[in-house]
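Quick notes on the structure that follows.
Where a number appears in this text, it was derived from the coordinates with a stated rule and is not lab data. The shown structure was predicted, so the numbers you read here are calculated from the model rather than taken from an experiment. Note that each Cβ is placed from the backbone with ideal geometry, even for glycine, and that neighbours are counted across all protein chains shown.
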C-alpha cells in the first residue's frame, strides 16, 4: 500500500513517551485517511470518556493525497469528542501543517494524557517533547514566531482561549489557518499541550507516480480554468459577500432579516480600501488566503464567514473593525463563526431587552467600540466572558431565552448561509454529526448548479425540497464530503468524482470504484451516528430553530420551513438513512 505510510505517532503526555504503530491495510482501504481513519482510531481508543478527560485522545490525521502535488490536498483533520457539543468533534484546516507532517513520514498523531507543565512537540528528523512553560500565556502569532526561530516549522498551536478552555476555541496553524469548529483547541489546552511544530523532507510513496502526475496536471488545468476558481483567486472567500446577497443567503440582524448595505462590505470594496495580497495553502492552485496591510502591519484578511457574522449579522459596516476583530480572534485562537454569532446574538438580545445584565450591556453602550474588549474577556475567561466562553446555547438558555431563538444546532453556532435561501442547507444543519455545519453539505452551491449527477447530487429548486429525491441529494452530498475530508481535498476545489477515485487508486494501489467510494462516505456517516448515540444523542437533537426557518418580511412564502415541513424532511431523511433514533 502506498499513499499512506501506515505509520502513526503515539504520544503519552503523562510519561513523555512516544512510539509508532500501524493499521492493517484493510483499515486504510475501508476508511481512506483523514476524518475516516481519525474516526476509526477514535472508536478504538476513545471510549466514552469526558471531553476534558486526559484519556480523551486528540487525533490528527492526514489523507493519502496529503503531501503529494494533488491540487488543494494540503490539509489535515483533527478529531476527538468535542468539548463544545459533547458529540464527535472534527475540524479541518489548510495551511502547511498536514503537508509537513506527511513529509515527515507520519499519517497521523494520537495524543493522550496531560502534561504536568506546558509542553511542545517537535517533529523533524526526530520526535521531541519539550517542557516549555514560558510559552504558556502567549497568543498564537507570537507562539508561531518563537518556534519558527528554531527552524522553519509549520506550527500548530493554541492561544489563550485554548488555555482557558473556551468551548469554541480553535487550533491555529501557519498563516491564520484554523481547525476552528467544535472547540478542539480547548481539548488541546486541557492537555497542557501548547503546540506541535513539524518540518518534513520525505517524498510520499505513490503506487503509480507517472499516472498520478498526469492526473495532477489534468485536474489542475480544469480547476484553474473554472469560473469559481477565478473568482476565489481574485477576491478570496469574501466573493460570497457579492454573490450571496442576491439569493438572500447572507443573514442580517441576528438572522431576523436580510436588510443591510451589502455593498459597504463587498469584496470589491475590500480591495479598494486596503493593500491586499493572496497566499496559497500547500499544493493549492487557487490561493484564496488574504494578507492585508493596515497601519503598516501585515495581518490575515478575514474569510467570508467572519465578514458576514461581524458585518450584516451584527449590523456593522466598518471594515476596519472587522479586520481588528478577525486578527484578535485568530491570535487568541477562537472560532470566528461561533464568536461572531455569539456577539451578534448578545447585541440583538440587548436591543430587544431580552438580556438586561449590566455586564453584557456595557459592551454595546458605545456602538461597537466594546466588542474588542468582549472578545478579550471571553478568551481570558474574565468577567462576563467566563460565562460566555461556554457558547451561545448554554448562555442564552440560562437567561430563559427560547430554544427557537438560539442560533445553534447541537450547541454549535449556525454559519452564515441562511436556510431560507437554500432549504436543504437547513436540513443539513439539523442532521450534521457535529452540529450546524455548512461544510458537511454545501447545498447553497449544489442548488446553484454545482452538482455531480453521476453520484446522485442533483441541483433543483432551492425551496421545493420535501421529496425523497431531494433529500437523497442532501444525503449524497454529505456522503461525498466524507470522502473529500478523508482524501483530503479542500472544498473549494471542485474535482470530478471520477478523478477523485483515480487519484486514490493511483496513490494507494487500491482499486476503488465510484460506488465503493460513495459507500465509504456513507459508512463514515453511519459510524459517526453510532458513536454519537453512545455519547447520548437524542432524536430531538436533530433540530433547526424557528429563528432560521420563519419567513422574513415580504420574501416568498415558500422560503419559510414550517414545523410540519421540517418534521417531514427529517422523517424522510431518517427513513433513507435507516435511523430509528
Working only with C-alpha atoms, what are the Rg and Dmax values of the stretch 8-198, expressed in angstrom?
14.9, 44
Would you please put 295-305, 547-557, 29-39 in order of how densely packed they are, using the mean number of other Cβ atoms within 10 angstrom per residue and starting with the highest?
29-39, 295-305, 547-557
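Using a ≥ b ≥ c from the Cα gyration tensor of the chain (square roots of the eigenvalues), is it rounded, prolate or oblate, where a/c under 1.5 gives rounded and otherwise the larger of a/b and b/c decides, a/b for prolate?
Working: a/c = 1.37, a/b = 1.14, b/c = 1.21.
It is rounded, given that a/c, with a ≥ b ≥ c, falls under 1.5.
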Between residue 550 and residue 491, take the C-beta separation as r, use R0 = 30 Å, and let me know the FRET efficiency to the nearest 0.05.
0.55
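Given a Förster distance of 56 Å, report the FRET efficiency between residue 403 and residue 209 from their Cβ-Cβ distance, rounded to the nearest 0.05. Mind dumping the intermediate values first?
Values: r = 54 Å, r/R0 = 0.97.
E(calc), rounded to 0.05, equals 0.55.
Assuming R0 = 30 Å, can you tell me the calculated FRET efficiency for the pair residue 7 and residue 539, based on Cβ-Cβ distance, to the nearest 0.05? Working shown, then result.
Values: r = 41 Å, r/R0 = 1.36.
Calculated value: 0.15.
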Given labels modelled 7 Å from the Cα in the Cβ direction, how far is it in nm from residue 298 to residue 468?
5.7 nm
Debye intensity ratio in log₁₀ form over the Cα atoms of the stretch 227-400, taken at each q of 0.10, 0.11, 0.12 Å⁻¹:
-0.39, -0.47, -0.56
To the nearest Å, what is the center-to-center distance of the stretch 155-207 and the stretch 537-559, using C-alpha atoms only?
34 Å
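When you count, for each residue, the other Cβ atoms within 10 Å and take the mean per peptide, how do 267-280, 138-151 rank with the highest first?
On the way: 267-280: 15.7, 138-151: 17.6.
Peptide ranking by packing, descending: 138-151, 267-280.
Write down the percent of antiparallel bridges among all DSSP beta bridges whose residues are both part of the stretch 8-198, to the nearest 5.
Numbers: 32 of 42 bridges.
Percentage antiparallel, nearest 5: 75.
Beta carbons within 10 angstrom, averaged per residue: use that to sort the peptides 161-168, 378-385, highest first.
On the way: 161-168: 27.9, 378-385: 19.9.
My ranking of the peptides, most packed first, is 161-168, 378-385.
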Extension length gain for residue 382 and residue 526 (0.36 nm per residue less Cα distance), in nm, is 47.8 nm
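Okay, helix-only estimate at 222 nm for the chain: each DSSP H run of n ≥ 4 adds -39500 (n - 2.57), divide by all residues, round to 500 deg cm²/dmol; what do you get? Intermediate values should be presented prior to the final figure.
On the way: 23 runs with 225 residues, N = 581.
Helix contribution divided over all residues of the chain: -11500 deg cm²/dmol.
In µm²/s, what is D for the stretch 107-229 at 25 °C and 0.890 mPa s, where D = kT/(6 pi eta Rh) by Stokes-Einstein and Rh is the Kirkwood radius from Cα pairs? Could you put the intermediate results ahead of the total?
On the way: Rh = 16.4 Å.
For these conditions, the coefficient is 150 µm²/s.
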